[in-house]
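The values are calculated or read from the model by the stated rules, or taken from the named source; none is laboratory data. Keep in mind that what you see is a predicted model, and the values were worked out from it rather than measured. Neighbour counts are summed over all protein chains in view; Cβ atoms, including those assigned to glycine, are modelled from backbone coordinates with ideal geometry.
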Amino acid sequence: MIRSVVVGCGSYLPERILTNADLEKLVDTSDEWIIERTGIHQRHIAADNEKTSDLALNAARAALADAGVAVDEVDLIVLATSTPDQTFPATACKVQAGLGMTRGFAFDVQAVCSGFIYALATADNFIKAGQAKTALVIGAETFSRILDWTDRTTCVLFADGAGALVLKAEEGRGDNSDRGVLTTHLHSDGRHHDLLYVDGGPSSTQTTGHLRMLGKEVFRHAVVNLAEVVRETLDAVGMQPSEIDWLVPHQANKRIIDGTARKLGLSTDRVVLTVDRHGNTSAASVPLALAEAVKDGRIKRGDVLLLEAMGGGFTWGSALVRW
Ligand code: UT7
């Protein structure tokens, strides 16, 4: 059986850091409220001349260097973003050009905060179908560009960054001892499209628009949907929560992450947490967290990782990966 084995990862965070104290000067909020309700202390914000493709390119280069894979070997780029440089072409095509890659194919997927899980599942399926052998999977966002900086209910939450993985097709045994993506599970429920959305777009207002969210409602759905998809994922491969080495969740809110870990019976030292320093970077949050825990030596070859995310749409999903 063909498996998509992760052979490298990389990430990029813009230099500028925005602290909760900085936000106290912009809107009626407090460091105490933000930390208590979300766990966020600070976040990174792209420079004026940095676009999503620039962040993505930096993360992609770091992932390829980590993998020791040459650009010519890559035949697929799947890039998850809800903040593309332009309406079209796909940001993935700009990354392809930036890498100097003249073969293969590149496209964007848009599933908001679940985007990276959708991109990973998409690339995995292309690899399993034999249509690609080496894939770059990227999550990259400049959410600072779509925030309403006068809306305290959203501007304190979201931020910018990018993360990338390199996948390679390798022959596996077809059981849980294989390295690579073991299973992926995607869901959406469009009935809730108006609980987390951007109030603009080319076909409606011809403006970019700003992010709007009914946070409490999203929170309520996130807790339920994530618990369900995590159970579905483990059931699909007949694994127990105790077999997970690391939970690498979407970093929206520490309370949601703690709730998911508690339901799985995982102690906090088996959860990769970056929301405190990165905020919610939407499609970039899972690969950013992954790259951090790989770089600092927590995630080791052979570890079982459970990745999960939930976002606008609603969309949600998870992936089980043996590193
Ligand atoms: O990544 C995609 C998925 N997104 C998520 O998973 C986000 C899910 N939602 C959340 O994380 C949380 O709902 C929030 C962090 C957004 C909000 O936390 P909450 O505990 O649900 O607070 P709330 O919305 O119920 O607001 C409580 C109070 C309100 O005041 P009143 O009505 O009780 O007087 C808000 O106006 O907190 C107020 N508030 C703030 N106060 C200070 C809202 N934002 C702020 C703020 N600073 N930044």
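Are any of the residues in the range 153-174 among the aromatic types (Phe, Trp, Tyr) and more than 16 Å from LEU55 (Cβ to Cβ)? No; the residues of the range 153-174 include none that is among the aromatic types (Phe, Trp, Tyr) and more than 16 Å from LEU55 (Cβ to Cβ).
Check ALA56, ALA21 and return the single one that is within 16 Å of the ligand (Cβ to nearest atom) and outside the structural domain of ASP296 (by TED's automatic domain parsing).
Sole residue among the options that is within 16 Å of the ligand (Cβ to nearest atom) and outside the structural domain of ASP296 (by TED's automatic domain parsing): ALA21.
Could you please let me know if ASP276 is farther than 23 Å from GLU232 by Cβ and without any contact (Cβ under 8 Å) to a residue 12 or more places away in the chain? In short, no.
Can you find, within the range 12-31, the residue that is nearest to ALA63 (Cα to Cα) among those that are touching an Asp or Glu at 6+ places or on another chain (Cβ under 7 Å) and either acidic (Asp, Glu) or crowded, with 19+ Cβ neighbours inside 10 Å (or both)? Write out each step before concluding.
Of the range 12-31, the ones touching an Asp or Glu at 6+ places or on another chain (Cβ under 7 Å) are 14, 20-21, 24, 30-31.
Still in the list and also either acidic (Asp, Glu) or crowded, with 19+ Cβ neighbours inside 10 Å (or both): 14, 20, 24, 31.
On the way: PRO14: 17, ASN20: 31, GLU24: 36, ASP31: 34 Å.
Of everything passing the filter in the range 12-31, PRO14 is nearest to ALA63 (Cα to Cα).
Quick grid of which residues meet (1) crowded, with 22+ Cβ neighbours inside 10 Å; (2) farther than 24 Å from PRO84 by Cβ; (3) away from the ligand (no atom under 16 Å from the Cβ); (4) not assigned by TED's automatic domain parsing to the domain that holds PRO241:
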residue: ASP276; (1), (2), (3), (4): no, yes, no, no
residue: ALA289; (1), (2), (3), (4): yes, no, no, no
residue: GLU292; (1), (2), (3), (4): no, yes, yes, no
residue: LYS295; (1), (2), (3), (4): no, yes, yes, no
residue: ARG298; (1), (2), (3), (4): no, yes, yes, no
residue: GLY302; (1), (2), (3), (4): no, yes, yes, no
residue: LEU307; (1), (2), (3), (4): yes, no, no, no
residue: GLY311; (1), (2), (3), (4): yes, no, no, no
residue: THR315; (1), (2), (3), (4): yes, no, no, no
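Of all the residues in the range 109-159, those that are hydroxyl-bearing (Ser, Thr, Tyr) and either more than 13 Å from the ligand (Cβ to nearest atom) or within 21 Å of GLY10 (Cα to Cα) (or both) number 6.
Taking the criterion of being more than 14 Å from the ligand (Cβ to nearest atom) and free of Cβ contacts under 8 Å to residues at least 24 places away in the same chain, the residues of the range 195-235 that qualify are ASP199, GLY200, GLY201, SER203, SER204, THR205, GLN206, THR207, GLU228, ARG231, ASP235.
The strands (runs of 3 or more DSSP E) located wholly in the range 130-224 that include 1 or more residues which are within 30 Å of HIS41 (Cβ to Cβ) occupy 134-142, 160-171, 196-198, 211-213. Scanning the range 188-238 for residues being in contact with a Phe, Trp or Tyr (Cβ under 7 Å, 6 or more places away or on another chain) and of a type in the set (S, T, N, Q) gives a total of 2.
One residue stands out in the range 258-274 among those that are within 14 Å of the ligand (Cβ to nearest atom) and either under 20 Å from CYS155 (Cα atoms) or among the charged types (D, E, K, R) (or both): the one that is surrounded by the fewest Cβ atoms within 10 Å (Cβ to Cβ), namely ASP258. For the range 197-226, the set of residues classified as within 18 Å of the chain's Cα centre (by Cα) and under 16 Å from GLY259 (Cα atoms) consists of VAL218, PHE219, ALA222, VAL223, ASN225, LEU226, listed by residue number.
Please state which one of PHE116, PHE88, PHE126, PHE105 is at pLDDT 95 or above and touching a Pro at 6+ places or on another chain (Cβ under 6 Å).
Just a single option satisfies the conditions, and that option is PHE116.
Taken over the range 179-192, the criterion of being among the charged types (D, E, K, R) and within 14 Å of ASP124 (Cα to Cα) is satisfied by ARG179 alone. With respect to being over 20 Å from the mean Cα position of the chain (by Cα) and touching a residue at least 12 places away in the same chain (Cβ under 8 Å), PHE105 fits the description. Filtered by the rule that a residue be touching a helix residue (DSSP H, G or I) at 6+ places or on another chain (Cβ under 9 Å) and of a type in the set (Val, Ile, Thr), the range 135-174 gives VAL137, ILE138, THR142, THR153, THR154, VAL156, VAL166. Applying the set (1) more than 26 Å from LYS133 (Cα to Cα); (2) buried (at least 21 other Cβ atoms within 10 Å of the Cβ); (3) within 16 Å of the ligand (Cβ to nearest atom); (4) among the hydrophobic types (A, V, I, L, M, F, W, C) to ALA80 leaves exactly one unmet item: (1).
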